[in-house]
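Every number in this text was worked out from the coordinates using simple rules, so none of it is lab data. Because the structure is predicted, anything quoted here is derived from the model rather than measured. FYI the Cβ positions are ideal-geometry reconstructions off the backbone, even for glycines, and counts take in every protein chain you see.
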Ligand SMILES: [Zn+2]
Ligand SMILES: [Zn+2]
Ligand SMILES: [Zn+2]
Ligand SMILES: [Zn+2]
């Protein structure tokens, strides 16, 4: 991620919607791909403050109306203005429930981080249209818990499972509560549990369906194992009864990756996106020089990531935070990351730097 600049010279960051230097509203301009000052330009429109762009913009409706987005769209006569990230939303949290606005805001911020890296890699994330083979959509939903009204229970229980099916990514909005998420992390013995991590894992399932299914399944089986046997349902049951084998760190990125080859692929894909995001930020901050991912050698990218991980682990330990890169990247994991790298190579980069 780059650090951007306001017209007043102050630094702007990816999540900003206001400049702390001059108080200007700021937002993501889809034309110059910058967080820019939004200069009022009549009729609720804005001019992009990043010279020489000067695009005429309006705020995404989820920015203007709900303040959960900081992206803009080009001003057109369309009534609905949703940005390239918000266009994928099918279900958003019920804003009449206390705390849901904050949860939605955190979910959108994590989703924008996801989409930023997908765009860097040039990976398609398709919006619904008659030609889209697998449109990407998001449901942000809460568990439905029956309430006791008078003497009888009202309503049905509905548990929301975070997951992916046919292009639809569902996230249980409990994950956007940091206290609940940390409790789940400790309970499950995970090194990290983050919102952006959930998005990067679930998008891994999306890309398996879009890029692997019926196309290079045999190559994927050679690296990740046979996804037909055992069946996903059998594998899930076994995992919840027996857990992961003790030696999982020698071949997998996480304990959960041992559950089934599809989960191994999604966990590896998430690790790959973590790595690309970190290398992109490190490149723009001047920590390392990272060439275009599409021409870079997999081992070299992993080596640079490992170096940053070692340094960041010490930084985090200095601050009393969780390890940044919790464990070494084992050789079989390198081969899995190499498969993911090969899979994304055909897609052209849109950005610069690490991707
Ligand atoms: Zn400013
Ligand atoms: Zn612009
Ligand atoms: Zn938006
Ligand atoms: Zn999964």
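Remark on region 56-198: ratio of C-alpha radius of gyration to 2.2 N^0.38 Å is 1.18. Build a GNM of the chain with springs between Cα atoms under 10 Å apart, and of 280, 94, 119 the one that fluctuates most is 94.
Nearest-5 percent of antiparallel DSSP beta bridges in the chain? All intermediate terms of the calculation are to be shown ahead of the outcome.
Working: 22 of 30 bridges.
Within the chain, antiparallel bridges account for around 75 percent of the total.
Most tightly packed first, judged by the mean number of other beta-carbon atoms within 10 Å of their residues, the peptides 58-65, 242-249 read 58-65, 242-249. According to the calculation over all Cα-Cα pairs in region 1-136, the P(r) per 5 Å bin from zero is 2, 10, 18, 22, 20, 15, 8, 3, 1, 0 %. The listed peptides 219-230, 268-279, ordered by packing as a protection proxy, come out as 268-279, 219-230 (highest mean of other Cβ atoms within 10 Å first). At q = 0.11, 0.19 Å⁻¹, what log₁₀ I(q)/I(0) does region 9-76 have when each alpha carbon counts as one equal point scatterer in the Debye sum? For the requested q values the scattering log ratios are -0.20, -0.63.
When 213, 200, 47 are arranged by Cβ crowding within 10 Å, least crowded first, meaning fewest neighbours, the order is 213, 47, 200.
Hey, can you rank 303-309, 105-111, 183-189 by average C-beta count inside 10 Å, highest first? Could you put the intermediate results ahead of the total?
Numbers: 303-309: 17.9, 105-111: 21.1, 183-189: 11.7.
Listed from highest to lowest mean packing, they are 105-111, 303-309, 183-189.
Put simply, the Cα atoms of region 154-199 extend 34, 31, 16 Å along their principal axes, the longest span coming first. Shown here is the pair-distance distribution of region 132-271: with all Cα-Cα distances grouped in 10 Å bins from zero up to the longest one, the shares run 11, 34, 35, 15, 5, 1 percent. Over the chain, the pair-distance histogram of Cα-Cα distances with 10 Å bins from zero comes to 5, 21, 32, 27, 12, 3, 0 percent, rounded to whole numbers.
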